[in-house]
Amino acid sequence: MNDRAEDPFNKAARLAALRRYGILDTPPEEAFASVCQVASRVCDAPIAVVNLIDDERQFFKAEIGLGVRETPVDVSICAHAILQRDLFVVPDTTRDPRFACNPLVTGNPHLRFYAGALLETPEGVAIGTMCVLDYKPRPAGLTAEQAEVLRALARQVMSLLEQRRLIASLAEREAELERLHRIARIGALHVDLRDGFKNQRSPEYLQIHGLRPEDADESHADWVRRIHPDDRAQVEQAFVDAVRGQNTEYEAEYRIIRPSDGEVRWIAASATIERDANGRAQRLVGVHRDVTDRKQAETANAQLAAIVSSSVHAIFSISATERRIQTWNQSATDLFGYTAAEAIGAPVSLLVPDDGLTASENETGVFDLAMRHGHIDLETVRRRKDGSLVEVAASAVRMQGADGRVLGVSVIFRDITLQKEQERALRASEERLHLALDASERIGTCVWEIQADRVVADARFSRFFGVEEAQGAAGIPTQAVFDAIHDEDRARVMRELAAAVEKASSYETEYRVTQKDGSVRWVAARGRCQPDASGRAMRCPGTVVDITDRKQAEEARELLTRELSHRIKNIFTVVNGLVTLSSRGRPEAQNFAAGLRDRLFALAQAHEYVRPHSPESASTIGGETMFGLLRLLFAPYLQEGHARVEIHGDDVAINEKSATALALILHEQATNAMKYGCLSVETGRVLVTGRIQDGVYRLTWREVGGPPVAGAPQHTGFGTVLAARSAAGQLGGELRHDWASDGLEVVFSAPIANLG
């Protein structure tokens, strides 16, 4: 037994064979493990291995006594065994120079004996060994019986591998057949008719019919139940007649209702009926195809014919060779005045107006262009039978047969006379609008071409943003517009515009624009994004209005309001100081003075709510709740440390926009109660109850313990009118008064969404 180097050709063949078997890195299998057990027992060896030699490693498909699934090929004894043509035996590895220095010999597991039978493919390619190993030398090697069993076990391993490959190949072929069936949408079936109806269905059949795998042997009654009720009786009778008769072929088309999704599908069934010598049906073998698409196409063609016939647009066709009208619908007669009998067979020039152009030149506008390009759309003028002209939108499509041959052109004419008149009126209106805009120096217009990332602007818009008029008319980059926006406003405006683009919606905002000379102007901008057919925003027409004067007026009003508020606060401070000064040195007045100072402080706090607010000052009072506002406003009405207003029920969040209106309403009620109602006497109290129901917040003000109420007042004060208007106009709610004799009841209600 001479060891020899492995032929590269043999190595390539071995690696290819291993890949073909698909055995490497597969999990353990009982069949291979049993082979190892027999080898270990027959050869009385502690180690038995089904070993496959890969490129850089040896993989153990099954093993006993090693405890690992692979080792490097450079320490493999089997790598030498596959170079032999028969059983390879090493009686003592320590005495064999090829293995004496092998780490598996010098170290754990201290292998001393090896015997391996080749695993050889039918083509004669060695891919590994069925081997046994021992920790002790065996000078006598294996007995003849052990050697023969080891060779037989190697052949058994190869049989298992061939069986695995055959099964895998069969599975691949079955999968390929199923794939072809899926592509062709063909489901196979077999019906045994010798003893009733015994069915077998293929996987594709089950998929077409929406059945589960366990339904492969469904009953005849199950099949009948799936048939559409409108087709069921006729289809079942035809099937029974075919089986009972003498036919050997069976075909049918019918609808089913799939159990899986309830969808209605069309089935084309074709089958062969096998009969015995007496003509009795034995078996039915056939296929089912899903022909829903074809049926739908047939229905669509019929519907198309009906649509053409009933269309409100003139539709006709022109032959490719004769250039004559072939079809003509009723709407064409209605539009042009020619009957179908008059139009069909007439040349295409029938509708061409006598405008100095030859018929051929006019035909080029529709027929020839469609023949050349396949499809065209244009607007033109055509002549009616009475000689009058009509403006039409023409859409023409070249018609081709299944073989690609050009048949002619199909044309749709739509009367756009009214549309054109409206467009002309619109253009006149736009001209008047431009004249009006030209008369105003405060309004600029633009079109934001979103996908092109540019803004086309008129002269006023360009002037606002420091752009030359010619540049604005030609279109300027969007970023150039953003760069002109004031640094403190730019990020907010870009977010608002991005949100409008994302939703293809409108926007409205105000911001500052820095001029070339460094001055700042305020503008109000609004626009609406226009989407394409997919809903993506494509362009956004808009306007900007110079509102600098208004903003300056608002700032002046805010400054005045703050000044008045500051002066009122100073009055509270002065009065507070007078109270302190007057009570100094009078111990008996200290408690009274302290209470009066507390009320003055509470009144000053309440003043912050009821005074007019700008957006800037309003932001300082946000984040409150209804009950928090009530407690703040009623703090001035404490009597000897006790609250005279009791608050119960549901609280609700309020925002900076609603806080001022609510403060005005509640402060008005408290002032009236102090003047005329329950708070005008020491025993009087106010019960305030909040309730949330169906998205509405209802606040009830109930006065108890006050003087008797004679009824509704003869005149409504300004404060009451202002409170009612605030409730309705600012909060979208209402204010209702009930002048009961035992005390006034006021109910305020408004949507919660308008408060928080």
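The values are calculated or read from the model by the stated rules, or taken from the named source; none is laboratory data. This one's a predicted model, so the numbers in the text were calculated from it and none came from an experiment. Positions of Cβ are generated from backbone atoms using ideal geometry, with glycine treated the same way; all protein chains shown enter the neighbour counts.
Inside the range 75-111, can you point out the residues that are within 19 Å of D54 (Cβ to Cβ), in contact with a helix residue (DSSP H, G or I) (Cβ under 7 Å, 6 or more places away or on another chain), among the hydrophobic types (A, V, I, L, M, F, W, C) and at pLDDT 85 or above?
Answer for the range 75-111, where residues must be within 19 Å of D54 (Cβ to Cβ), in contact with a helix residue (DSSP H, G or I) (Cβ under 7 Å, 6 or more places away or on another chain), among the hydrophobic types (A, V, I, L, M, F, W, C) and at pLDDT 85 or above: F88, L104.
Any residue at all in the range 488-499 that's out of contact with any strand residue (DSSP E or B) (no Cβ under 7 Å at 6 or more places or on another chain), modelled with pLDDT of 90 or more and in a loop (DSSP other than H, G, I, E, B)?
no
Go through the range 527-554 and give me each residue that's surrounded by fewer than 13 Cβ atoms within 10 Å (Cβ to Cβ) and over 33 Å from the mean Cα position of the chain (by Cα).
Correct list: D549, Q552, A553.
Please count how many residues of the range 514-526 are among the β-branched types (V, I, T) and either over 20 Å from F465 (Cβ atoms) or loosely packed, with under 14 Cβ neighbours inside 10 Å (or both).
Total meeting the criteria: 1.
What number of residues in the range 735-756 are out of contact with any His (no Cβ under 6 Å at 6 or more places or on another chain) and under 23 Å from C678 (Cβ atoms)?
Number of matching residues: 14.
Need the failing condition index for L722 against (1) under 52 Å from the mean Cα position of the chain (by Cα); (2) at pLDDT below 90; (3) surrounded by 15 or more Cβ atoms within 10 Å (Cβ to Cβ), just the number.
With respect to (1) under 52 Å from the mean Cα position of the chain (by Cα); (2) at pLDDT below 90; (3) surrounded by 15 or more Cβ atoms within 10 Å (Cβ to Cβ), L722 is out only on (3).
Pick from R173, R155: which is among the basic types (K, R) and exposed (fewer than 11 other Cβ atoms within 10 Å of the Cβ)?
Unique residue meeting the criteria: R173.
One line per residue, one yes/no per condition, for (1) assigned to a loop (DSSP other than H, G, I, E, B); (2) over 21 Å from V455 (Cβ atoms); (3) at pLDDT 75 or above:
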{"position": "A533", "(1), (2), (3)": "yes, yes, yes"}
{"position": "R539", "(1), (2), (3)": "no, no, yes"}
{"position": "V545", "(1), (2), (3)": "no, no, yes"}
{"position": "K551", "(1), (2), (3)": "no, yes, yes"}
{"position": "A556", "(1), (2), (3)": "no, yes, no"}
{"position": "L559", "(1), (2), (3)": "no, yes, no"}
{"position": "R562", "(1), (2), (3)": "no, yes, no"}
{"position": "N576", "(1), (2), (3)": "no, yes, no"}
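Determine whether L24 is surrounded by fewer than 15 Cβ atoms within 10 Å (Cβ to Cβ) and touching a Leu at 6+ places or on another chain (Cβ under 9 Å).
Against the criterion (surrounded by fewer than 15 Cβ atoms within 10 Å (Cβ to Cβ) and touching a Leu at 6+ places or on another chain (Cβ under 9 Å)), L24 qualifies.
How about the range 260-285: which of its residues are of a type in the set (D, E, K, R), farther than 18 Å from W223 by Cβ and surrounded by 11 or more Cβ atoms within 10 Å (Cβ to Cβ)?
E274, R275, R280
Determine the pairs where a residue that is closer than 17 Å to T671 by Cα, located within the range 689-712, has a partner that is assigned to a strand (DSSP E or B) and of a type in the set (K, R) with Cβ atoms under 7 Å apart, the partner being 6 or more residues away or on another chain.
From residues that are closer than 17 Å to T671 by Cα, the pairs are V704/R685; G705/R685.
Residue check: is E253 among the acidic types (D, E) and modelled with pLDDT of 85 or more?
So E253 fits the description; yes.
Among the numbered criteria (1) at pLDDT 75 or above; (2) buried (at least 16 other Cβ atoms within 10 Å of the Cβ); (3) of a type in the set (G, A, S), which one does G387 miss?
(2)
Only one residue in A31, A39, A16, A48 is out of contact with any Gly (no Cβ under 9 Å at 6 or more places or on another chain) and crowded, with 22+ Cβ neighbours inside 10 Å. Which one?
Exactly one residue qualifies, and that residue is A39.
Are any residues in the range 674-688 without any contact (Cβ under 8 Å) to a residue 40 or more places away in the chain and in a helix (DSSP H, G or I), and if so, which ones?
M674, K675, S680
Looking for whichever is part of a loop (DSSP other than H, G, I, E, B) and in the same structural domain as D134 (by TED's automatic domain parsing) here; the options are L52, L24. Which one fits?
L24
Can you tell me which residue among A710, A728 is part of a helix (DSSP H, G or I), at negative phi and not β-branched (V, I, T)?
A728 is the lone residue from the list that is part of a helix (DSSP H, G or I), at negative phi and not β-branched (V, I, T).
Are any of the residues in the range 167-179 of a type in the set (V, I, T) and in contact (Cβ under 8 Å) with a residue 40 or more places away in the chain?
no
Given the conditions (1) in contact with a Phe, Trp or Tyr (Cβ under 8 Å, 6 or more places away or on another chain); (2) under 22 Å from R212 (Cβ atoms); (3) surrounded by fewer than 18 Cβ atoms within 10 Å (Cβ to Cβ), and given that R255 satisfies all but one, which numbered condition is not satisfied?
Here R255 clears every test but (3).
Among the residues of the range 93-113, is there at least one that is in a strand (DSSP E or B) and touching a residue at least 24 places away in the same chain (Cβ under 8 Å)?
yes
Working carefully through the options H220, H209, H228, find the one that is more than 19 Å from G286 (Cβ to Cβ) and either surrounded by 15 or more Cβ atoms within 10 Å (Cβ to Cβ) or in contact with a Phe, Trp or Tyr (Cβ under 7 Å, 6 or more places away or on another chain) (or both).
After ruling out the rest, the residue left standing is H228.
Just to be sure before I move on: is S159 of a type outside the set (V, I, T), outside the structural domain of R112 (by TED's automatic domain parsing) and either out of contact with any strand residue (DSSP E or B) (no Cβ under 8 Å at 6 or more places or on another chain) or modelled with pLDDT under 85 (or both) in the structure I sent?
no
Within the range 32-47, identify whether any single residue is of a type in the set (D, E, K, R), in the same structural domain as C131 (by TED's automatic domain parsing), part of a helix (DSSP H, G or I) and touching a Lys or Arg at 6+ places or on another chain (Cβ under 9 Å), and answer yes or no.
no
Hey, could you check the range 317-357 for residues that are of a type in the set (S, T, N, Q) and over 22 Å from A370 (Cα atoms) and say which is modelled with the lowest pLDDT?
Here the residue is Q330.
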